Amino acid sequence: MRRRREWIIVASVAAATAVLLYFLPLFHVVPLDQARQRSEGTAIDPVALVDRFWAERWTSSAARAVDAVDLMTAVQQDRKSARRTHSRSVGVGGAYYYLVAGTGRVTSVEKDSVRLSLRDGQPQMEVALETGNIFGNAVRDGTGLWNVNDFPNSQDFNALSSELNHRIEQQVVPALRKEATVGAKVRFVGCAEIMDEETDLHPLRIVPFIVEAP
Amino acid sequence: MHRTSSWIILPLVLLLLIGIAGCGGSSSVKRAATPRIAVIISTLNNPWFVVLGDTAKQHATQLGYEVVVFDSQNDPAKEAAHFENVIASGYAAVLFNPTDADGSIANVRRAKQAGIPVFCMDREINDTETAVSQILSDNYSGCVDLGRYFVKQVGESGKYVELLGLVGDNNTWNRSRGFHSVVDRYPGLQMVAQQSADFDRAKALEVMEAILQANPAIDAVFCGNDAMAMGVYQALVAAGKDKQVKVFGFDGADDVVKLIREGKIVATGMQFPKLMARTAAESADKYLKGDRDFPQKIPVAVHLVHQANADKYGDYGRKDTE
């Protein structure tokens, strides 16, 4: 009788412990790779990312850019088709982007932009290269080189945009302002952000990350 | 002899149980017959989050789930208790609006360990391995756009006030940093006061009245959410300054979009709570039906709403897309 009572006590303690441990396990067995990844964490250095982009921008981005005349022609024929064929977007419900390259003649120099005509005498073939303060995510998202899922949080992803914009302001905008006299020819590679098709396609406003006199 | 053996067996059984529990990191709690989804919201004291929670509930219900909404009341301890409850009760999934980007990670991790998938809505957690997917509003970029529009409307010089939300909330600072990444580039724009009003309309009214006493000549006010923008506008009307001071909000609340149409508030950033909630509910449903292919982060853009385009927005979204 006493023995039976002891076994009942043992079984009850074991059952109670089982319930407790089910909800509050003392440890977890995880694969080593997973544990290592957790302990290493992630460090994002936006300056290093932009250094690499800057060194490789001709091959990584310029070579993939759509020709500006082809794009403007496609946009004028059918915006939706042009978007499907040439644009990229990030996430849901936002802007879309064109990575675009071309050569044009300067038609006017404004406070925050330089207007280029891609074909002489065709005003619908004009684009504007941004030369003011550069804001937004046009180059980060337009080039398609970076994925938000590779960044631990959105602040790091936004820091990349800030660094890209800063680099463009420091190294591209001054050179463009210097070259941009009315009538001069300018070759460019850059990205355009389209949030509102009614206002952002005419003229296409491009944040250039490469400019040169051909 | 028998008595001795039973006291030897007991520790052995305990050790075995400890081992089994430890290896059961991804084991699941028994599920209820009708799968249940928990919607855990940071606070239901703000109409925007009520829309987020209600829409998540509505879509999950339409998809055939029993849904319970939990209000964390901006309290991480309450949020942790909700997760304990959800795990113990065997919910199938959690649609989650966190209170804290770092502090909420542990809750999501516990749910994951119990085999319960978590889908974050609107606010992110600073971890990319615990939630199945995070459907996030890009507050920083939205406020970059708002900052650019602010400079267009106010000009490159002037005096302005900033009202911050809860100072412990990530979104407060993402919005403020996005805004300042633009306006701080214009040295002529001078911020004469920066104060928190906790995302609260009544508090914003009170804070703005005090600020106007000390700074009667201001040109604009940037508010970290629309509830505060409404409070600020009310204070400006009372002081007879509503025509000269430009007010900017953030969220896309219906009453603010209406005032933008009427030219009384200048602009806001439209977040899309219904779109985010719907995406989260649909993702949870797909996951529970076996799909495992989800991007960790799905950014949802914030749209700038101003008088010229305000007719296209309303009911917490864009009319032609939602």
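The values are calculated or read from the model by the stated rules, or taken from the named source; none is laboratory data. What you see is a predicted model, and the numbers here were worked out from it, not measured in a lab. Cβ: placed from backbone, ideal geometry, glycine included. Neighbour counts: every protein chain shown.
Of all residues in the stretch A:4-28, how many are facing another protein chain (nearest Cβ under 7 Å), within 23 Å of B:A111 (Cβ to Cβ) and either at pLDDT 75 or above or assigned to a loop (DSSP other than H, G, I, E, B) (or both)?
Final tally of qualifying residues: 4.
Of the conditions (1) assigned to a helix (DSSP H, G or I); (2) surrounded by fewer than 17 Cβ atoms within 10 Å (Cβ to Cβ), A:D156 clears all except one; give me its number.
Unmet for A:D156, out of (1) assigned to a helix (DSSP H, G or I); (2) surrounded by fewer than 17 Cβ atoms within 10 Å (Cβ to Cβ): (2).
Under the condition of being crowded, with 18+ Cβ neighbours inside 10 Å and modelled with pLDDT under 95, which residue from the stretch B:52-91 is nearest to B:R201 (Cα to Cα)?
Per the criteria, the residue is B:N74.
Kindly evaluate A:N165 against the criterion of being assigned to a loop (DSSP other than H, G, I, E, B), touching a residue at least 12 places away in the same chain (Cβ under 8 Å) and polar (S, T, N, Q).
no
Within the group B:Y140, B:Y186, B:Y160, which residue is farther than 23 Å from B:D75 by Cα, surrounded by fewer than 20 Cβ atoms within 10 Å (Cβ to Cβ) and of a type in the set (F, W, Y)?
The match here is B:Y186.
Scan A:L99, A:L116 and give me the residue that is touching a Cys at 6+ places or on another chain (Cβ under 6 Å) and away from every other protein chain (no Cβ under 14 Å).
The unique qualifying residue is A:L99.
If I ask for residues that are touching a residue at least 40 places away in the same chain (Cβ under 8 Å) and polar (S, T, N, Q), which ones from the stretch A:45-72 would you list?
A:S60, A:S61
Can you tell me how many residues in the stretch B:58-69 are among the aliphatic types (A, V, I, L, M) and in a loop (DSSP other than H, G, I, E, B)?
1
Run down B:R110, B:R123 and say which single residue is at pLDDT below 95 and basic (K, R).
Answer to the check: B:R123.
Criterion first (under 23 Å from B:D54 (Cα atoms), among the small types (G, A, S), part of a helix (DSSP H, G or I) and away from chain A (no Cβ under 14 Å)) does B:A277 satisfy it?
So B:A277 does not fit the description; no.
Would you confirm, using the coordinates I've provided, whether B:S176 is of a type in the set (S, T, N, Q), more than 8 Å from chain A (Cβ to nearest Cβ), in contact (Cβ under 8 Å) with a residue 12 or more places away in the chain and on the phi < 0 side of the Ramachandran plot?
yes
Just for the stretch B:282-297: of the residues that are in a helix (DSSP H, G or I) and hydrophobic (A, V, I, L, M, F, W, C), which one is surrounded by the most Cβ atoms within 10 Å (Cβ to Cβ)?
Here the residue is B:A284.
Only one of (1) within 29 Å of B:D226 (Cβ to Cβ); (2) touching a helix residue (DSSP H, G or I) at 6+ places or on another chain (Cβ under 9 Å) fails for B:A77. Which number is that?
(2)
Can you pull out every residue in the stretch B:194-229 that is in a helix (DSSP H, G or I) and surrounded by 17 or more Cβ atoms within 10 Å (Cβ to Cβ)?
B:R201, B:K203, B:A204, B:L205, B:V207, B:M208, B:I211, B:L212, B:D226, B:A227, B:M228, B:A229
Of the conditions (1) buried (at least 24 other Cβ atoms within 10 Å of the Cβ); (2) farther than 30 Å from B:V266 by Cα; (3) within 14 Å of chain A (Cβ to nearest Cβ), B:A114 fails just one. Which one is it?
Against the list (1) buried (at least 24 other Cβ atoms within 10 Å of the Cβ); (2) farther than 30 Å from B:V266 by Cα; (3) within 14 Å of chain A (Cβ to nearest Cβ), B:A114 comes up short only on (1).
If I go through the stretch A:83-120 residue by residue, how many of them are crowded, with 19+ Cβ neighbours inside 10 Å, without any contact (Cβ under 8 Å) to a residue 60 or more places away in the chain and part of a loop (DSSP other than H, G, I, E, B)?
Here the count works out to 3.
Where residues in the stretch B:237-255 are modelled with pLDDT of 95 or more and buried (at least 21 other Cβ atoms within 10 Å of the Cβ), which of them is farthest from B:E66 (Cα to Cα)?
B:V245
For the stretch B:308-322, how many residues are more than 17 Å from the chain's Cα centre (by Cα) and either in a loop (DSSP other than H, G, I, E, B) or facing another protein chain (nearest Cβ under 9 Å) (or both)?
Of the residues in the stretch B:308-322, 8 are more than 17 Å from the chain's Cα centre (by Cα) and either in a loop (DSSP other than H, G, I, E, B) or facing another protein chain (nearest Cβ under 9 Å) (or both).
Considering only residues that are touching a Ser or Thr at 6+ places or on another chain (Cβ under 7 Å) and under 14 Å from B:Q194 (Cα atoms), which ones fall in the stretch B:209-228?
B:G224
Quick one: which residue in A:E198, A:E179 is within 30 Å of B:L136 (Cβ to Cβ) and at pLDDT below 90?
Going through A:E198, A:E179 in turn, just one is within 30 Å of B:L136 (Cβ to Cβ) and at pLDDT below 90: A:E198.
Please find, among B:V300, B:V305, B:V232, the residue that is more than 14 Å from every other protein chain (Cβ to nearest Cβ), crowded, with 17+ Cβ neighbours inside 10 Å and touching a strand residue (DSSP E or B) at 6+ places or on another chain (Cβ under 8 Å).
Answer to the selection: B:V232.
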